[in-house]
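The next block holds one structure in the form of structure tokens; read it before the comments.
The values are calculated or read from the model by the stated rules, or taken from the named source; none is laboratory data. Here the structure is a predicted model, which means the values were calculated and not measured. So basically every Cβ, Gly included, is an ideal-geometry build from the backbone, and we count neighbours across all protein chains shown.
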Amino acid sequence: MKRLLPILTVVFLFLSASCAQLAPSGTIKIGLLPIIESLPFWVADRDGYFGDQNLKVELVLFVSAVERDAALQAKAIDGELNDLISAALLNKDQETIKITRKTYQATPRLPMISIVVPATSKIASVNDLRGAKVGISRNSVIEYVLDEILAANGLKPTDIEKVEVSKIPVRVEMLTNGQLAAAVLPEPFTALAQKQGAKVLAHDGADGIGESVLSFRREVLRDKAQFVDRFLVAYEQAVNDINSKPEDYRALLVEKGKIPDLIAKTFPVPEIPTASVPSQSSIQRSMNWMMRAGLLSRSLSYDQMVDGTHLPRR
């Protein structure tokens, strides 16, 4: 028994240390919008994958990107589902966040953002937009994608008349009522507009311009690195489930992604990228646009924007 005591003591200390390492430390709060890319977060939450990693996770829903970003800057949330433009703007004055994972990338099957015209429009190509009123939200990924599509077709941003319509449902209504010649829309609003007869001129699926990402505050990555690691393990499990049996998650997508009833049965369940971060070229491309648009006075480096060290090992 005397010989066993030292061994049992070591085992006890080891188990205590392991339990302490796995114990949750407060709550990780993630800011989300009611968009299709949020699906894996809700799957991981509903199916207990965060709990399996011994994590307490609170998914905080915001109605706008402005409110979401303000909450992150106020340190009311630890991380958020956002995009390359939002992430760079958060780092504009000081390095606030790091992108830790790519959460979606536009594909030909399911683009993120499209240029849409009414069913009766005579506009047949991007080149026909010259001088047209196009509804957008400025200083956002919407405007970024629009400008990149225009450039790919030999047009400059000044060749069209950009009309600021920040609320997407209003943008769709103005398009339908003929107040706009075209509108730049994210999914599922593009699919809904198409269901009502609208036509897609171009989208970001051809070269994957549109990307959404998961970003964490820098101090969270520094002070709670192990929790971020475990969060991403749970997230990856949800992604694998969605990609292997997408139709099993349609009901949750319709609920959390706010898919309208008119397209609820036909809208594609998105295929989510496996563990990865945006490429250096995609970060540089977004930086170049932001510099041209006057949103940044200097380009931010890849290392200032991205930290891929927390991704699960394959």
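Considering only residues that are part of a helix (DSSP H, G or I) and not charged (D, E, K, R), look in the stretch 257-274 and name the one that is surrounded by the fewest Cβ atoms within 10 Å (Cβ to Cβ).
Within the stretch 257-274, the match that is surrounded by the fewest Cβ atoms within 10 Å (Cβ to Cβ) is Leu262.
May I ask you to say which residue of Ile149, Ile142, Ile97 is surrounded by 14 or more Cβ atoms within 10 Å (Cβ to Cβ), at pLDDT 95 or above and assigned by TED's automatic domain parsing to the domain that holds Ala293?
Values: Ile149 fails: assigned by TED's automatic domain parsing to the domain that holds Ala293; Ile142 fails: assigned by TED's automatic domain parsing to the domain that holds Ala293.
Answer to the selection: Ile97.
Within the stretch 215-232, can one find any residue that is within 19 Å of the chain's Cα centre (by Cα) and farther than 24 Å from Leu90 by Cβ?
Checking the stretch 215-232: not a single residue is within 19 Å of the chain's Cα centre (by Cα) and farther than 24 Å from Leu90 by Cβ.
Looking at the stretch 50-84 only, could you name the residues that are charged (D, E, K, R) and in a strand (DSSP E or B)?
In the first step, residues of the stretch 50-84 are kept if they are charged (D, E, K, R); the result is 52, 56, 58, 67-69, 75, 78, 80, 83.
Selection gives Glu58, Glu80, Asp83.
Would you pick out the residues in the stretch 152-182 that are surrounded by fewer than 19 Cβ atoms within 10 Å (Cβ to Cβ), outside any loop (DSSP other than H, G, I, E, B) and of a type in the set (D, E, K, R)?
Asp159, Glu161, Lys162, Glu164, Glu173, listed by residue number.
Residue under question is Ala238, and the condition is that it be touching a Leu at 6+ places or on another chain (Cβ under 9 Å) and either in the same structural domain as Ala88 (by TED's automatic domain parsing) or β-branched (Val, Ile, Thr) (or both); does it hold?
For Ala238, the condition - touching a Leu at 6+ places or on another chain (Cβ under 9 Å) and either in the same structural domain as Ala88 (by TED's automatic domain parsing) or β-branched (Val, Ile, Thr) (or both) - is met.
Counting just the residues of the stretch 61-90 that are of a type in the set (S, T, N, Q) and surrounded by fewer than 22 Cβ atoms within 10 Å (Cβ to Cβ), which one comes out farthest from the chain's Cα centre (by Cα)?
Gln73
If I filter the stretch 42-60 down to residues being farther than 17 Å from Lys224 by Cβ and acidic (Asp, Glu), which single residue comes out as surrounded by the fewest Cβ atoms within 10 Å (Cβ to Cβ)?
This residue is Asp52.
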